[in-house]
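Single-structure report; data block below.
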Amino acid sequence: MVAMRIDCDIHPAVGGTRTTLLPYLDDHWKEQVVSRAIDGLDLNSYPPNMPFCGRTDWRPEDGSKPGSDLSMVQRGAFDQLGASHAICNVVYGAQAVYDPYMAAGFCKAINDWITAEWLDKDKRLRASIVVPIQAPDLALEEIERRASDDRFVSILVLSQGETLLGRRHYWPIYQLAEKYKLPLAIHAGSAYRTAPSSIGWPSYRYEYYMAEAQAFQAQILSLIYEGVFGKYPNLKVVLMESGVSWLPAFMWRANKTWRGVRVEVPWVEREPASIIRENFRVTMQPFDAPADATAVEDIIDQIGSEKMFLFASDYPHWQFDGDDPVPPNLPKGLVARMCADNPLETFPRLKLN
């Protein structure tokens with residue numbers, strides 16, 4: 001019997017708008033996609049042949065995208081990497097479309113596609129609801145449409161959107177998330193509305209990739225200081241592909257600054273680090289800690305909560321060597337917890353069989 005190991009972040013790839021999503025779009029958007037030759041709205045800004053996008057044995061022989069073939073994903077995520085169950089997070093262009101109605105149409109198509117072509121074909125798979133968060137009212141409609149299907153276990157948004165996620169016009173989304181026990185999954189990525197850096201646009205993808213940590217930090221502060229968790233204390237937020245090693249210094253500084261200027265946000269009644277430990281979770285690929293076992297132990301100890309860590313492979317993206325996505329040098333007790341107990345606690349809608 002395979003031990004329970006819930007992979008909280010794998011990436012089924014949309015082959016293309018016309019080749020994959022067309023059957024799932026309504027008639028209006030089918031016509032628009034064909035007449036306007038819309039295709040290739042992939043949010044992955046990296047060259048498709050770059051090793052990060054998928055190592056050699058995870059690439060279909062026909063040259064299609066890594067992650068686009070269900071049978072290969074089953075072999076890779078389950079047989080090779082050892083997951084017992086996996087949560088599908090589809091990162092495609094719907095979150096970046098300016099037209100809110102088009103964005104909503106594409107999100108609906110993505111959610112219908114992942115249901116029909118993935119969830120219905122493998123009972124080990126779950127998924128996040130992709131929503132047009134640029135139009136919160138339309139995002140609410142999509143959440144309501146999919147909330148009755150317990151195979152959808154979270155709500156997927158990007159770390160870099162139009163505005164910070166703590167702003168009040170997003171709060172109705174969090175109300176529904178709390179109501180339906182759907183964590184907010186914030187995934188690394190951008191809708192390309194603003195510069196990824198706080199001081200402008202970088203020249204290289206390397207800079208953009210490194211700047212992702214700043215985006216996650218900004219979202220944490222926004223959600224805390226705008227008062228989201230005072231209003232929705234049971235809301236869980238999962239940081240996906242955020243990295244981990246920056247958390248101790250960030251939590252320390254957030255506490256220190258809050259003590260000095262908390263008169264500005266009297267509704268934040270606890271230290272930010274305490275709220276982070278209670279309401280935030282992080283996936284453990286990529287794991288950006290040093291290779292030294294003592295340093296890893298120190299980072300885990302400084303974060304101060306074993307509940308925060310979730311097992312993830314990021315399949316088919318290549319974030320680690322070998323066939324074990326569990327980062328090295330983690331305490332054995334933590335590994336067992338992050339593979340089963342923590343995911344089950346974080347995603348209450350997971351019903352495993």
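Values quoted throughout were computed directly from the atomic coordinates according to the rules given, and no laboratory measurement underlies them. Please read all numbers here as calculations on a predicted model, not as lab measurements. Glycine gets a Cβ as well: all are built from the backbone with ideal geometry, and neighbour counts include every protein chain shown.
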**Request:** Would you mind ranking ARG146, ARG193, ARG337 so that the residue whose beta carbon has the fewest other beta carbons within 10 Å leads the list?
**Result:** ARG193, ARG337, ARG146
**Asked** Taking a quarter of the surface of the convex hull around the Cα atoms of segment 234-303, what do you get in nm²?
**Response** 5.2 nm²
**Message:** Apply the Karplus curve 6.51 cos²θ - 1.76 cosθ + 1.60, θ = phi - 60°, to the phi angles in segment 113-127 and return the couplings in whole Hz, x for Gly and Pro.
**Reply:** 5, 5, 5, 6, 9, 10, 5, 5, 9, 8, 6, 7, 9, 10, 8
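Just need the Rg to Rh number for segment 86-219, please, alpha carbons only, Kirkwood Rh. Numbers along the way, then the final one.
Working: Rg = 15.0 Å, Rh = 15.3 Å.
Ratio value, two decimals: 0.98.
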**Asked** Which of GLU117, GLU212 comes first, and how do the rest follow, when ranked by fewest Cβ neighbours within 10 Å?
**Response** GLU117, GLU212
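Based on other C-beta atoms within 10 Å, arrange HIS11, HIS85, HIS169 from fewest to most.
Values: HIS11 26, HIS85 21, HIS169 9.
The order, fewest Cβ neighbours first, is HIS169, HIS85, HIS11.
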**Among [x] 19.4, 60; [y] 26.6, 78; [z] 19.5, 56, the entry derived from the coordinates for Rg and Dmax of the Cα atoms in Å** = [x]
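Excluding ASP149 itself, what net charge comes from residues whose Cβ is under 14 Å from its Cβ, given Lys and Arg +1 and Asp and Glu -1? Mind dumping the intermediate values first?
Values: positive: LYS108, LYS123, ARG126, ARG145, ARG146, ARG151, LYS181, ARG349, LYS351; negative: ASP112, ASP120, GLU142, GLU144, ASP150.
Counting the neighbours of ASP149, the net charge comes to +4.
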